[in-house]
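Chemist: Next up is a structure, given as structure tokens.
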Amino acid sequence: MNRILIVAEHDGSRLNPAIAKCVTCARGIPDAEITVAVFAADPSAVAADAAAVAGVDRVVTVTHPIHANALAAAIAPQLTELAAAYTHVFGPSTTFGKDLMPRVAALLEAPQVSDLMAVESATRFRRPIYASNAITTVETVAGSKVVATIRIASFEAAGVSVAPAPIEATTVAALPATHTRFISVSSARSDRPDLQTAAKVVSGGRALASADNFGILFKLADKMGAAVGASRAAVDAGYAANDMQVGQTGKIIAPELYLAFGISGAIQHLTGIKDAKTIVAINKDPEAPIFEVADIGLVGDLFQVVPELERLLG
Amino acid sequence: MKRILVAIKRVVDYNVRIRVKPDGSGVITDGVKMSINPFDEIALEEALRLKEKGIVEEVLAVSIGPADCQQQLRTALAMGADRAILVQTDAVIEPLDAARIFRALCERESPLLAILGKQAIDDDCSQTGQMLAALWGRPQATFASKVEINGEVARVTREVDAGLETIEVDLPAVITTDLRLNEPRYVKLPDIMKAKKKPLDTLEPGALGVTPVERLKPVKFEPPPVRSKGVMVKDTQELIDALRRKGLA
């Protein structure tokens, strides 16, 4: 029996959709029993979400006021204590999971498989290295717990369960560290779909030439029901917010459709979009490397194509 | 003396196109250009700026790996680090052992901050800083885009999926750097000459009580799957037709 503990990422009221993908990954491990752990100030809504994910056998909750905001230093000692009864401890390869899981792995003296993209057995996994220019298969040594961050672009979300899993409140002896304090978070909240889970993404590069010009992509995205992304060059230039960055060091996404406007296609950007089902590239430069990976390419001026698309899609 | 410890990893330069060895035993690193991991350069730059603001007196650059890592440490000294330590080993060092080595050095050197890159661009693990913080029993502020030191605490803005998060951590602490924290300075020729006189000590992991252990065995390496060649369309109308055929518009 492989006992798998998945730590829930959430915003206090909803379970992050990345967790349903971690569950799919965990179900790929033979003879798996899956538990989702929710650390929250008030876990009830998030626990109910987690209990409804198909494949989840059990949800455990740890309630503490410090968990009103997710802090790795607060969660890690408690998650480590819970992990004693499990063979595998998984988190999503989001900034939440990337921050937390290595801290847990170190406390467990266990190796971590970062960006786990495929399960070959309970101890053998595949993961990308060198900005996804190589894939390595790794095997954990016998007797070791396996800690992993799950590359969510590699897995479909598990569906909704007909019979929700049981939810158990639990207590742990380990106290959350208090040397780390949450101050604030600023995010451009919008009604647009979330970049990491959107089915369609419209993305812009340095060729947009200004933050104002990004407005034309937002208009097109709203018409298509798409999220908006950006290349590192566009973010570095200040045309787009940091949370819009797609690529090796930004978000790695797998939408049905990715529309790249004025993005040249640097290796680190392509890393972030390799799992998109259909990549469309619009670029003035016919030699742009993005055309090598595009399913549909159009050599043209984005300032002409974007308004035309918006009109013709009407 | 107040100091900052900075981790410097020797990696294949980011401009090199990586190729997997035909027998799948690794990637080709013979004869390719090696550099400081770009995120570690940002870590060093931040440490140097904190020294220039008078917050610390010394910047200590540490690398772990073969003798050739001295090249990257010399570059770090030329950028402005005051001294360097190479923990020399030809063994493969997994993040947990790297963290153990840094922990031992943190206990010996008692830095105000340990600053590391948020990930190395070779294995893309993004683990060592967080593991160091756990083993050292100190706070971590990962993916930093802004760092302010106020007495006994650091206020750090972090690049997170939702946007920008600000946290406050008690010192000493571990910080890992994101891309937009700063732009590293260029090394000037006279500084390269001066760096040759700066101290660079070498010691073995065993001297820090660490024996590297293999916990994750690499089984094989493969090139990534190649996407099949797409089609080119002439104008926006053709693009929409192509999208409609795929049911995407």
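The values are calculated or read from the model by the stated rules, or taken from the named source; none is laboratory data. Keep in mind it's a predicted model, so treat the numbers as computed, not measured. Cβ: placed from backbone, ideal geometry, glycine included. Neighbour counts: every protein chain shown. For accessibility, only protein heavy atoms count, side chains too; no ligands or nucleic acids. Shrake-Rupley method; radii C 1.70, N 1.55, O 1.52, S 1.80 Å.
Chemist: State the three equivalent ellipsoid semi-axes of the range A:2-169, derived from the C-alpha gyration tensor as the square roots of 5 times its eigenvalues, in descending order and whole Å. Don't skip to the end; give the middle numbers.
Modeler: Values: eigenvalues 109, 61, 45 Å².
Largest first, the range A:2-169 gives 23, 17, 15 Å.
Chemist: Report the Rg/Rh value for the range A:1-63, based on alpha-carbon coordinates and the Kirkwood definition of Rh. The partial results should precede the final answer.
Modeler: Numbers: Rg = 10.9 Å, Rh = 11.4 Å.
Radius of gyration over Kirkwood radius for the range A:1-63 works out to 0.95.
Chemist: Here is a follow-up. Cut-off under 23 Å on the C-alpha distance; same-chain residues fewer than 8 positions from B:LYS53 excluded. Which lysines are left, in chain and number order?
Modeler: Leaving aside lysines fewer than 8 places away in the same chain, those within reach of B:LYS53 are B:LYS2, B:LYS146, B:LYS188, B:LYS194, B:LYS198.
Chemist: Using a Gaussian network model of chain B whose springs link C-alpha atoms within less than 10 Å, name the residue from B:ASP235, B:ASP40, B:ASP13 with the highest mean-square fluctuation.
Modeler: B:ASP235
Chemist: Can you tell me the dipole magnitude for the range A:2-169 around its Cα centre, using point charges on the Cβ only (Lys, Arg +1; Asp, Glu -1), in Debye to the nearest 20?
Modeler: About 320 debye.
Chemist: Name the residue farthest towards the positive end of the dipole of the protein assembly as shown from the options A:ALA32, A:ALA158, A:PRO255, assuming +1 on Cβ of Lys and Arg, -1 on Cβ of Asp and Glu, about the Cα centre.
Modeler: With unit charges placed on the Cβ atoms, the residue in question is A:PRO255.
Chemist: I want to check the label-to-label distance for B:GLU148 and A:VAL162. Put each point 7 Å from Cα in the C-beta direction and report it in nm to one decimal.
Modeler: That separation, rounded to one decimal, is 5.7 nm.
Chemist: What is the percent carbon and sulfur in the accessible area of the range B:46-164, measuring with a 1.4 Å probe over the protein chains and ignoring ligands? Working shown, then result.
Modeler: On the way: 1630 of 3660 Å².
Percent of accessible area from carbon and sulfur atoms in the range B:46-164: 45.
Chemist: Per 0.36 nm of contour for each residue apart, how much would the distance between A:ALA68 and A:GLU292 grow if the chain were fully extended, relative to their Cα-Cα spacing?
Modeler: Working: separation 224, 0.36 × 224 = 80.64 nm, distance 4.53 nm.
Length gained between A:ALA68 and A:GLU292: 76.1 nm.
Chemist: Let me ask something else about it. Please give me the summed charge of the neighbours of B:LYS146: other residues whose Cβ is under 13 Å from its Cβ, Lys and Arg +1, Asp and Glu -1. Spell out each step's value before the answer.
Modeler: Details: positive: B:ARG49, B:ARG155, B:ARG158, B:ARG180; negative: B:GLU46, B:GLU148, B:GLU159, B:GLU165, B:GLU168, B:ASP178.
It works out to a net charge of -2.
Chemist: Once the dipole of the range B:3-245 is set up with Lys and Arg at +1 and Asp and Glu at -1 on Cβ about the Cα centre, which of B:ALA76, B:ALA114, B:THR166 lies farthest towards its positive end?
Modeler: After comparing all options, I get B:ALA76.
Chemist: So what is the relative contact order for chain B, in percent, with contacts set as C-alpha pairs under 8 Å and at least six apart?
Modeler: Values: 490 pairs, mean separation 58.1, N = 249.
Relative contact order comes out at 23 percent.
Chemist: On to the next question. Please compute the Kirkwood hydrodynamic radius over the protein assembly as shown, one decimal place, Å, based on all pairs of different Cα atoms. Don't skip to the answer; put the middle values down first.
Modeler: Details: mean 1/r = 0.0411 Å⁻¹.
Answer for the protein assembly as shown: a Kirkwood hydrodynamic radius of 24.3 Å.
Chemist: Relative contact order, percent, of chain A when contacts are C-alpha pairs under 8 Å separated by at least 6 residues? Spell out each step's value before the answer.
Modeler: Numbers: 720 pairs, mean separation 46.1, N = 314.
Value for chain A: 15 percent.
Chemist: Highest mean first, what order results for A:34-42, B:224-232 on Cβ atoms within 10 Å? Present the calculation step by step, with values, prior to reporting the outcome.
Modeler: Numbers: A:34-42: 22.4, B:224-232: 12.0.
Taking the mean over residues of other Cβ atoms within 10 Å, the ranking is A:34-42, B:224-232.
Chemist: How about the range A:232-253: which of its residues lose at least 10 Å² of accessible area in the presence of all protein chains relative to their chain isolated, using a 1.4 Å probe?
Modeler: The answer is A:ARG232, A:VAL235, A:ASP236, A:ASN242, A:ASP243, A:GLN245, A:GLN248, A:THR249, A:LYS251.
Chemist: Total accessible area buried between chains A and B, 1.4 Å probe, in Å² to the nearest 100? All intermediate terms of the calculation are to be shown ahead of the outcome.
Modeler: Working: alone 14580 and 14570 Å², together 22460 Å².
Using a 1.4 Å probe, the pair buries roughly 6700 Å².
Chemist: Now for a different question. Given a 1.4 angstrom probe, what's the average accessible area per residue across the range A:200-312, in square angstrom? Could you put the intermediate results ahead of the total?
Modeler: Values: 3870 Å² over 113 residues.
Value for the range A:200-312: 34 Å² per residue.
Chemist: While we're here: If you roll a 1.4 Å probe over chain A with all protein chains in place, what percent of the accessible area is carbon or sulfur? Kindly include the intermediate steps, with their values, before the conclusion.
Modeler: On the way: 5820 of 11320 Å².
Carbon and sulfur atoms account for 51 percent of the accessible area of chain A.
Chemist: Right, here's the next one. Given only helices, namely DSSP H runs of n ≥ 4 each adding -39500 (n - 2.57), what is the per-residue ellipticity at 222 nm of chain B, to the nearest 500 deg cm²/dmol?
Modeler: Working: 6 runs with 67 residues, N = 249.
Calculated at 222 nm, the ellipticity per residue is -8000 deg cm²/dmol.
Chemist: Applying 1/(1 + (r/R0)^6) with R0 = 35 Å to the Cβ-Cβ distance of A:SER144 and B:GLU238, what FRET efficiency is obtained, to the nearest 0.05? Present the calculation step by step, with values, prior to reporting the outcome.
Modeler: Numbers: r = 55 Å, r/R0 = 1.56.
Calculated transfer efficiency: 0.05.
Chemist: Sum -39500 (n - 2.57) across every DSSP H segment of at least 4 residues in chain A, then divide by the residue count to get the 222 nm mean residue ellipticity, nearest 500. Could you put the intermediate results ahead of the total?
Modeler: Values: 8 runs with 75 residues, N = 314.
It lands at -7000 deg cm²/dmol.
Chemist: With r defined as the distance between the Cβ atoms of A:ASP57 and B:LYS217 and R0 fixed at 41 Å, what FRET efficiency is calculated, to the nearest 0.05?
Modeler: Working: r = 30 Å, r/R0 = 0.73.
Between A:ASP57 and B:LYS217 the formula returns 0.85.
Chemist: Which distance in Å, rounded to a whole number, links the C-alpha centroids of the range A:188-231 and the range B:179-246?
Modeler: When both Cα centres are located, 26 Å separates them.
Chemist: So, one more: For the range B:97-133 and the range B:34-63, what is the centre-to-centre distance using only Cα atoms, to the nearest Å?
Modeler: Taking the Cα centre of each part, the range B:97-133 and the range B:34-63 sit 13 Å apart.
Chemist: Suppose every Lys and Arg Cβ carries +1 and every Asp and Glu Cβ carries -1, with no other charges. What dipole size does chain B come out with about its Cα centre, to the nearest 20 debye?
Modeler: On the way: 37 positive and 37 negative charges, 114 e Å.
About 540 debye.
Chemist: How long is the gain from B:SER228 to B:LYS21 if the chain were fully straight, where each residue apart is worth 0.36 nm and the alpha carbon distance is subtracted? Don't jump to the answer; show the numbers that get you there.
Modeler: Numbers: separation 207, 0.36 × 207 = 74.52 nm, distance 2.25 nm.
Between B:SER228 and B:LYS21, full extension yields an extra 72.3 nm.
Chemist: In nm, to one decimal, how far is the modelled label at B:LYS246 from the one at B:LYS196, with both set 7 Å along Cα→Cβ?
Modeler: So the two model labels end up 5.7 nm from each other.
Chemist: Okay, next question. Could you give the length gained on full extension between A:ALA41 and A:ASP236, defined as 0.36 nm per residue of separation minus the Cα-Cα distance, in nm?
Modeler: Numbers: separation 195, 0.36 × 195 = 70.20 nm, distance 3.60 nm.
Gain on extension, A:ALA41 to A:ASP236, equals 66.6 nm.
Chemist: In whole Å, how far is the Cα centre of the range A:125-169 from that of the range A:9-39?
Modeler: 10 Å
Chemist: Per residue in the range B:24-71, which ones lose no less than 20 Å² of accessible surface when going from chain alone to all protein chains (1.4 Å probe)?
Modeler: Buried-area filter returns B:VAL27.
Chemist: Sticking with this structure for a sec: Need one value for A:171-183: mean number of C-beta atoms belonging to other chains within 10 Å of its residues' C-beta atoms.
Modeler: Details: counts 0, 0, 0, 0, 0, 0, 8, 2, 11, 11, 8, 4, 7.
So the per-residue partner count for this stretch is 4.
Chemist: Next question, about the same structure. If you take each beta carbon of peptide B:140-149 and count the beta carbons of other chains within 10 angstrom, what is the mean?
Modeler: Numbers: counts 11, 4, 7, 5, 0, 1, 0, 0, 0, 0.
Mean inter-chain Cβ contacts per residue within 10 Å come to 3.
Chemist: I'd like to know which of A:MET117, A:ALA288, A:PRO17 lies farthest towards the positive end of the charge dipole of chain A, counting +1 on Cβ of Lys and Arg and -1 on Cβ of Asp and Glu.
Modeler: Positive-most Cα among the choices belongs to A:MET117.
Chemist: Can you list the lysines whose alpha carbon is less than 20 Å from that of A:LYS274, not counting same-chain residues fewer than 8 positions off?
Modeler: Cα-Cα hits under 20 Å: A:LYS21, A:LYS200, A:LYS251, B:LYS229, B:LYS246.
Chemist: Note down, for chain B, the three equivalent ellipsoid semi-axes (square root of 5 times each alpha carbon gyration tensor eigenvalue), biggest first, whole angstrom. Before the final figure, lay out each step's value.
Modeler: Details: eigenvalues 254, 116, 72 Å².
Largest first, chain B gives 36, 24, 19 Å.
Chemist: Distance in nm between label sites at A:ASP285 and B:MET34, each 7 Å beyond Cα in the beta-carbon direction?
Modeler: A separation of 3.1 nm, rounded to one decimal place.
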